[in-house]
Each structure stands twice: as structure tokens, then as C-alpha cells.
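Below: the structure, in C-alpha cells.
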Amino acid sequence: DAVWTTRRGSRMVQVGLPIGGQDPAIPMGVVAGRELEIIGSHGCAAEDMPDILEMVARGRLNPSALVEREVGLAEGAKAIMDMDNIGSQIGITMVTFGNDNDSSNGVVSRGRRSR
């Protein structure tokens, strides 16, 4: 489904492995027609997570430095729609749930301008 929502001339990153025991169907006609780039990333090994979390706890890694802005759910929906527009926000937008100041639980979306 992600291929269908990827903007023409953009890149789709598949993070992690598909679940459900079925091979994913990739509409290659859409990939070629929209001139998309697909990149796969397995992520990190589960046994590396304790070390990564320790580096975050000690301040050696600062994942919040990657977040350009935080928005509430309503503004997040608008930010996703705006990704097709020239001049849209570049970088990672954190969509938070609950009140607009609550960043305890969120989803990260990476936006970028088309080439």
C-alpha cells in the first residue's frame, strides 16, 4: 500500500520485514510509472537494542534531534496531505496523540520534496 501513497519521483523505505506469512505484492507498473525508488532496511538486531537504549539514556545518542517539529493529530493529517506540495516541510514530523502538547506516544513521518 505504501507504493500507492508515494509521491512521483520520491523514495519509499520499507523498514523491517513484512508480517503475515504472505509475500508482499509490489505494483511494479506504479513504481516505474511514478519513477519511485524503493529502499529496504532490516533495521537493527534485537540484541543491539539494550546497547542503543543505554546510549540514549547516557546522552550519547539524541533521537529527538532528528525531529523537525511536533504536531497534533489534526495537523499531522494536514502535514501528510501537504507532502505533495512544493515548499512542504522537510524533515521528520512527530505526530502526537492526545492533547497537542502530549509527545509521549507518537508516529514519525518523514517528508521530502520531490526532485
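The values are calculated or read from the model by the stated rules, or taken from the named source; none is laboratory data. Note that this is a predicted model, so its numbers are computed, not measured. When the accessible area is computed, the model is the full protein with side chains, heavy atoms only, and any ligands, DNA or RNA have been set aside. Shrake-Rupley method; radii C 1.70, N 1.55, O 1.52, S 1.80 Å.
Summary table
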quantity: The range 1-62: mean projected area of Cα convex hull, nm²; calculated: 5.9
quantity: Heavy atoms of M49: accessible area, 1.4 Å probe, square angstrom to 10; calculated: 80
quantity: Long-range HN-HN contacts of R11 with modeled amide H, under 5 Å; calculated: E37
quantity: Surface accessible to a 1.4 Å probe, L53 within the full protein complex, Å²; calculated: 100
quantity: Accessible area of D84 in the full protein assembly, 1.4 Å probe (Å², nearest 10); calculated: 100
quantity: Extent along principal axes [Cα atoms of the range 35-88; Å; largest to smallest]; calculated: 39, 29, 18
